[in-house]
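Undergrad: The structure follows.
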Amino acid sequence: MDTIYALASARGKAGVAVVRISGPLAFWAVEKLAGDVPAPRRTALRVLKNADGVMLDEALVICFEKGASFTGEESAELQLHGSVAIINAVLQTLAELDGLRLAEAGEFTRRALENEQLDLAQVEGLADLIEAETEAQRRQALKVFSGALGEKAERWRAALLRAAALIEATIDFADEEVPTDVSPEVLELIALTMIELEEEIKGAKMAERIRDGFEVAIVGPPNAGKSTLLNALAGREAAITSEFAGTTRDIIEVRMDLQGLPVTLLDTAGLRKTSDVVEAIGIDRARSRAAHADLRVILLPNADAEPEMTPQDGDLVLIGKDDSGAYPQSVSGKTGQGVDLMVAHIATTLSDRASDASSAIRERHRVAIQDALVSMESARNEVLLGGERAELAAEELRRAVYALNCLVGRIDVENILGEIFSSFCIGK
């Protein structure tokens with residue numbers, strides 16, 4: 001296996017730059033640059049030199065033994081002064097050493113997966129942690145990266161293997177008298193595991209929303225103050241505002257961090273009847289996008305007007321452009337009247353929904369869990385039909401275990417690795 005190296009910190013000038021090395025020649029490479037290999041997991045100050053003995057930098061060197069590193073291999077980190085010239089000189093010196101090559105994107109993490117330092121769900125959690133922009137995304141990704149989903153999958157898998165073993169024991173001793181009926185224990189194991197899996201499925205959609213972001217649509221008739229309100233929330237002129245009806249034709253999106261939650265605000269076309277073909281297309285799109293949003297802020301032109309869309313649970317119905325604040329349920333993007341209360345309501349509503357999020361954060365996780373549930377339901381039915389269906393029940397339980405193995409990457413992993421590691425940078 002090759003020994004790989006890469007800059008693990010951001011490119012460009014910085015106070016400190018970190019170069020990682022991993023593989024069977026990692027300690028040898030450190031010795032070539034630093035003159036010796038510091039004690040494992042002990043920070044040591046060393047002068048780094050190239051093959052001609054020219055000083056490259058004075059750096060902190062940390063070595064990790066095989067089995068005690070991120071990748072599971074012999075690894076080292078060189079903490080350099082972060083000038084571009086020093087980084088390039090050290091990388092060039094490593095490139096000239098036989099047996100070393102520059103790492104590919106995500107290769108350090110891929111080796112951690114191959115060496116069973118991480119399971120596939122943890123790798124996905126790490127990818128999300130790198131991409132996290134809000135506090136909710138950070139917390140969720142960190143939970144998955146810490147192995148929460150893998151621990152659950154192992155518990156579910158153990159229960160199903162126990163159930164399968166009980167059934168297979170009745171098959172192996174079919175010609176002998178089996179002292180107890182195993183079906184009650186098998187059915188209990190299946191039922192308890194199915195309950196946990198169904199709970200995980202329920203929270204998977206919300207976990208995806210935290211990962212990808214919630215959508216809040218601002219809807220209402222033309223000139224109800226939608227674009228002005230969006231601009232006030234965004235803190236910039238994201239949408240064009242004017243006194244002429246129908247100014248907004250397409251959906252304008254503004255992504256923001258709303259009290260730790262990732263939220264995309266949607267400014268939609270004014271809802272009204274129109275003979276303008278282009279405006280009509282915009283209105284149809286607005287209705288469709290708003291219907292699929294997580295929450296809607298429905299603006300009314302006055303207190304007597306009816307909402308253009310039927311409010312759903314959690315939606316806000318407010319009088320727009322109420323600069324005076326004469327009505328309690330009003331908001332004005334121009335003066336800021338009612339904006340704080342509106343934001344607080346949105347944040348509280350979405351936070352309450354986010355609290356139900358599970359550790360299954362991707363569509364792949366949901367599909368694997370759903371496949372396991374289908375197989376478990378079939379296994380339960382086979383058990384209820386009697387002992388002569390034992391082999392079919394055992395086979396369905398094996399299918400369920402297979403689905404859970406796919407969940408954490410024990411098997412059937414190659415076809416999705418490319419997609420996952422495409423989001424990683426070189427050095428991670």
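Undergrad: How much length would be gained if the chain were fully extended between ALA291 and ASP98, taking 0.36 nm per residue of separation minus their Cα-Cα distance, in nm to one decimal?
TA: Contour length minus Cα-Cα distance gives 63.5 nm.
Undergrad: To the nearest 0.05, how large is the calculated FRET efficiency for GLN312 and LEU60 if R₀ is 56 Å and r is the Cβ-Cβ distance?
TA: Efficiency, rounded to the nearest 0.05: 0.50.
Undergrad: Using alpha carbon centroids, what distance separates the stretch 1-45 and the stretch 317-379, in Å?
TA: 45 Å
Undergrad: Using the Cα centre as the reference, give the magnitude of the dipole from point charges on the C-beta atoms of the stretch 91-182 (Lys, Arg: +1; Asp, Glu: -1; all else neutral), rounded to the nearest 20 debye.
TA: It comes to approximately 540 debye.
Undergrad: Next question. Using the Kyte-Doolittle scale, which helices in the chain average at least -0.5 and also have C-alpha atoms spread 24 Å or more along the helix axis, with helices defined as whole DSSP H runs?
TA: 148-172, 183-212, 363-384, 390-408
Undergrad: Turning to a different aspect of this structure: Once you sort the root eigenvalues of the Cα gyration tensor of the stretch 1-94 as a ≥ b ≥ c, which label holds: rounded (a/c under 1.5), prolate (a/b larger than b/c) or oblate (the other case)?
TA: prolate
Undergrad: How would you classify the stretch 326-370 from its alpha-carbon gyration tensor, with a ≥ b ≥ c the square roots of the eigenvalues: rounded for a/c under 1.5, else prolate if a/b is greater than b/c, otherwise oblate?
TA: Because a/c hits 1.5 or more and a/b exceeds b/c, the stretch 326-370 counts as prolate.
Undergrad: Further question on the same structure: Calculate the FRET efficiency for LEU385 and GLU31 from the Cβ-Cβ distance with a Förster distance of 60 Å, rounded to the nearest 0.05.
TA: 0.35
Undergrad: Also: Extent of the stretch 39-197 along each principal axis, from alpha carbon coordinates, in Å, largest to smallest?
TA: 81, 41, 27
Undergrad: Run the reach check for LYS334 against lysines, Cα to Cα strictly under 26 Å, same-chain hits fewer than 8 apart removed. What comes back?
TA: Excluding near neighbours in sequence, the set is LYS226, LYS321.
Undergrad: Measuring from label point to label point, each 7 Å out along Cα→Cβ, what is the ILE195 to ASN302 span in nm?
TA: Once both label points are built, they end up 5.7 nm from each other.
Undergrad: Counting only the heavy atoms of the protein chains, how much of ASP212 is accessible to a 1.4 Å probe, in Å² to the nearest 10?
TA: Rounded to the nearest 10, that gives 80 Å².
Undergrad: Another one. Please report the equivalent ellipsoid semi-axes of the chain, computed as sqrt(5 x eigenvalue) of the Cα gyration tensor, largest first, in whole Å.
TA: Value: 48, 41, 16 Å, ordered largest first.
Undergrad: Once fully extended, how much extra length lies between ARG11 and ALA51, figured as 0.36 nm per residue of separation less the alpha-carbon to alpha-carbon distance?
TA: 11.9 nm
Undergrad: Taking 30 Å as R0, compute the FRET efficiency from the Cβ-Cβ separation of ARG398 and GLU151 and round it to 0.05.
TA: 0.85
The values are calculated or read from the model by the stated rules, or taken from the named source; none is laboratory data. Here the structure is a predicted model, which is why all the values come from computation and not from measurement. Virtual Cβ from ideal backbone geometry, glycine too; neighbours counted across all protein chains shown. Side chains are part of the model used for accessible areas, which takes the heavy atoms of the whole protein and leaves out ligands, DNA and RNA. Shrake-Rupley method; radii C 1.70, N 1.55, O 1.52, S 1.80 Å.
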